[in-house]
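Below is one structure, written out as structure tokens; the observations come after it.
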Amino acid sequence: MAINKNHEFEELDGVKCGIVEKNVLLERFIFLKKILEYNKFTVVAIPTPLPKVVAAPVINIAEGEIPPPATAPSTPETFTIGVTDYTFNTINAIFGRSLKTPDGHVVTMAYWQQKESVSHDEIPYYENLN
């Protein structure tokens, strides 16, 4: 059970993991994996389970109604990302300045959220309120 919403952990692929993010698209997964592995975390990712589908209403074909075509909802493949250090907390890692980028800068919140392509760690986060 999580201490709070920002400190979740669960079992991913049989390994107890601290959850980094859920419902992540492939591009974001690659970005986060690069950062986390550079910082010597072991990354575990599993595809996010498909949402449960509600059964379609029964249609009486005898009355001449045409049933709608059976199509599966197209949802993009997403992932749940975790690290094997189940004490990992994303917020503490970012604001505690413990994560580094491969080019040697400290990971900022704007960089983590991919709002900036380069981490401007020389500017305090409270001065960069965009």
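For residue 13 and residue 115, what does the FRET efficiency come to when R0 = 35 Å and r is the distance between their Cβ atoms, rounded to the nearest 0.05?
0.70
What is the calculated FRET efficiency for residue 22 to residue 42, with r their C-beta to C-beta distance and R₀ = 25 Å, to the nearest 0.05?
0.85
Here, each number is a calculation from the coordinates, and none is a lab measurement. None of the values given here were measured: they were computed from a predicted structure. Heads up, the Cβs are rebuilt from the backbone with ideal geometry, glycines too, and the neighbour counts pull from every protein chain shown.
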